[in-house]
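Notes for the one structure printed next.
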Amino acid sequence: CARSLVERAREAEENEETAKAKGLYDDALAQFADDSLDPLLPEVLRWKGTLMRENGETESAFRCYTKSLEKAMLIGSEGLVAHALNCLGTIAQRRGDQKETERLYAQASEFAERARDGRLLGMIEQNRGVLASMRGDFAKAAGFYSNSLGAFEMAGDAEPMSWVLNNLGILHTKIRNFDEARGHLERGRAIAVNRGDAVVENVTTLNLAEVWMGLGRLDTADKYCALALEQAQRR
């Protein structure tokens, strides 16, 4: 019954029916006893928390994520613990508490590695890279992004690989390492083209235009700008 309610809730989320999705998550949570150690319970709490977070209800999201972590620890699932810690990290980041954000992401990374969840590890390391880049620590950010890319490669997950490659491209552009930036962006763009992902293809194309500008190749930069505009118009 809980799984059926969750499926309906996630469908409502996709249709941007926030109130309906929240109600269905609450109905699903009501199916569990207070002392339940069902592995689905911390996931439902986390999904509801993310819905609340995306709706701007930060404190409600925090409470859901905290309960998710508590249940995950009682169940003894390293993967579920990693997911909850990562989500709590996003709350700390939203609150502007960088020290707590770093601590939570670092813990989440450790648990994801123990759980051998490559996709989750890649997501967490990417979050750590974004945080380091925002602080201007580009060397540390590059390390986190590289860890993220490696984890996604091991998981064989092409979609997030293209995201990280784009982030690496932006990072190396900022530090004027244009040749390396170009390599990352071209690889990310190729993945996006192969997947038919028009959004990432467009973003990487535009970022490549900036790289060519940095290299002093204004004619090539202009071509990439025109291509990016054409792609955007098609979308």
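The values are calculated or read from the model by the stated rules, or taken from the named source; none is laboratory data. Computed from a prediction, not measured in an experiment: that's the story for all the values here. When we count neighbours, we look across all protein chains shown, and the Cβ atoms used for this are built from the backbone with ideal geometry, even at glycine. The accessibility values were calculated without ligands, DNA or RNA, using every heavy atom of the protein model including side chains. Shrake-Rupley method; radii C 1.70, N 1.55, O 1.52, S 1.80 Å.
Taking the options D26, D117, D34, name whichever one is under 21 Å from the mean Cα position of the chain (by Cα) and of a type in the set (D, E). Being under 21 Å from the mean Cα position of the chain (by Cα) and of a type in the set (D, E) holds for just one of D26, D117, D34, which is D117.
This table checks each residue for (1) modelled with pLDDT of 95 or more; (2) aliphatic (A, V, I, L, M); (3) crowded, with 19+ Cβ neighbours inside 10 Å.
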position: C1; (1), (2), (3): no, no, no
position: A12; (1), (2), (3): no, yes, yes
position: T18; (1), (2), (3): no, no, no
position: Q31; (1), (2), (3): no, no, no
position: S36; (1), (2), (3): no, no, no
position: P42; (1), (2), (3): yes, no, yes
position: K48; (1), (2), (3): yes, no, yes
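Pairs meeting the criteria (first residue in the range 170-182 and touching a residue at least 12 places away in the same chain (Cβ under 8 Å) and under 12 Å from E210 (Cα atoms), second residue assigned to a helix (DSSP H, G or I) and among the acidic types (D, E), beta carbons under 7 Å, at least 6 apart or on different chains) are H172/E180; T173/E210.
When E57, E17, E13 are checked against the criterion of being free of Cβ contacts under 8 Å to residues at least 40 places away in the same chain and under 21 Å from L80 (Cβ atoms), a single residue qualifies: E13.
What pairs can you find where one residue is in the range 207-235 and farther than 23 Å from K174 by Cβ, the other is of a type in the set (V, I, T) and surrounded by 13 or more Cβ atoms within 10 Å (Cβ to Cβ), and their Cβ atoms are less than 7 Å apart, with a gap of 6+ or different chains? Matching pairs, first to second residue: Q231/T205. Determine, yes or no, whether L131 is open to solvent by less than 30 Å² (accessible area, probe 1.4 Å), free of Cβ contacts under 8 Å to residues at least 60 places away in the same chain and closer than 26 Å to M161 by Cβ. Yes; evaluated as a whole, the condition is true for this residue. Looking at the range 156-169, can you tell me whether even one residue there is within 22 Å of R103 (Cα to Cα) and open to solvent by less than 30 Å² (accessible area, probe 1.4 Å)? There is at least one residue in the range 156-169 that is within 22 Å of R103 (Cα to Cα) and open to solvent by less than 30 Å² (accessible area, probe 1.4 Å).
Across the range 183-229, the number of residues qualifying as open to solvent by 60 Å² or more (accessible area, probe 1.4 Å), within 20 Å of P160 (Cβ to Cβ) and outside any helix (DSSP H, G or I) comes to 1.
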